[in-house]
Amino acid sequence: MLEINNLSKCFEDLEVLRDVNLTVKKGEVVVIIGPSGSGKSTFLRCINLLEKPTGGEILYMEQDITKMGKKVTDYRKQVGMVFQRFNLFPLKTTLENVMYAPVKLGKVSAKEAKEQALELLRKVGLEHKAESYPSSLSGGQQQRVAIARALAMKPEILLFDEPTSALDPELVGDVLEVMKQLAGEGMTMIVVTHEMGFAKDVADRVIFMDGGYIVEEGAPCDIFTQPKHERTKLFLSRVL
Ligand code: ADP
Ligand code: MG
């Protein structure tokens, strides 16, 4: 589904991504771990072209999206993103937040969008909060609304950038549970997280990034029990 070859990204003379290669198959869950500043967010932002790569190619269904020109808006609709900060519209209800983009883009009628949004809120366990405003929800609930909002665009791939890092510990589980459910339904996901339990349980593959490189990748059982590189060992010894 996604094939990334020799991706690099510089901010002026700071090289943030170097020769990154990654292939993601449909339905795969790839978890990216690594220390702060290693380029994980920049990598996700390049994948949905919030940042323009400096070099390399990103093939989506065999088309290089870095050379797509205007058609890139079509691509962006296929790639949903969930951020650490949920960024819900504060003056819209939960339901309106989830309905907003599909209606705005003319994808569906308001009636259909509402039905679909209610269905998505049910999926994330928040149907009863449809008429509530974000400020009255917990962080975990807001993040689940943000996931429902991303799903409303019917994305082919979902990117998560530390979706639980801003949450109080007791709220993390519900969000991970929703993500786990999506993975079980076959959603293609790339997840940056420090939740090693989630990585062990849900990831098909774990990528360890450091200094803008993919240092090591493999099945979770291999990465966590027998990491090959010293840097991976050191990182895991600190977080596990
Ligand atoms: P991570 O998500 O792994 O913590 P980031 O991708 O956020 O890492 O950042 C990697 C490096 O790129 C850091 O050194 C950061 O300061 C730098 N960086 C990120 N975004 C920008 C930007 N817009 N301009 C300049 N430097 C940036
Ligand atoms: Mg980051």
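The combined condition, being more than 30 Å from residue 39 (Cβ to Cβ) and of a type in the set (A, V, I, L, M), is not fulfilled by residue 158. The criterion of being touching a residue at least 60 places away in the same chain (Cβ under 8 Å), away from ligand 1 (no atom under 11 Å from the Cβ) and out of contact with any Gly (no Cβ under 8 Å at 6 or more places or on another chain) does not hold for residue 59.
In the stretch 207-220, the residue that is farthest from residue 174 (Cα to Cα) out of those that are touching a helix residue (DSSP H, G or I) at 6+ places or on another chain (Cβ under 7 Å) and either at pLDDT below 95 or within 15 Å of ligand 1 (Cβ to nearest atom) (or both) is 215. Residues in the stretch 56-64: is at least one open to solvent by 30 Å² or more (accessible area, probe 1.4 Å) and aromatic (Phe, Trp, Tyr)? Looking for residues that are open to solvent by 30 Å² or more (accessible area, probe 1.4 Å) and aromatic (Phe, Trp, Tyr), one finds none in the stretch 56-64, hence no. Annotation note: Cβ proximity below 7 Å between a residue of the stretch 177-202 that is closer than 17 Å to residue 218 by Cβ and a residue that is part of a helix (DSSP H, G or I) and at pLDDT below 95 (sequence gap 6+ or interchain) occurs for 196/239. Can residue 149 be described as surrounded by fewer than 17 Cβ atoms within 10 Å (Cβ to Cβ) and closer than 26 Å to residue 27 by Cβ? So residue 149 does not fit the description; no. Just so you know, in the stretch 31-50 the residues that are at pLDDT below 95 and within 16 Å of ligand 2 (Cβ to nearest atom) include one that is least open to solvent (accessible area, probe 1.4 Å), and it is 48. Looking only at residues of the stretch 7-49 that are assigned to a loop (DSSP other than H, G, I, E, B), more than 8 Å from ligand 1 (Cβ to nearest atom) and touching a residue at least 12 places away in the same chain (Cβ under 8 Å), we find that the one that is nearest to residue 200 (Cα to Cα) is 28. Annotation for the stretch 60-75: at least one member residue is modelled with pLDDT under 95 and in contact with a Cys (Cβ under 9 Å, 6 or more places away or on another chain).
The values are calculated or read from the model by the stated rules, or taken from the named source; none is laboratory data. Since the model is a prediction, treat every value here as computed from it, not as a measurement. Neighbour counts are summed over all protein chains in view; Cβ atoms, including those assigned to glycine, are modelled from backbone coordinates with ideal geometry. Just so you know, the surface numbers come from the protein's heavy atoms only, side chains and all, with ligands and any DNA or RNA stripped out. Shrake-Rupley method; radii C 1.70, N 1.55, O 1.52, S 1.80 Å.
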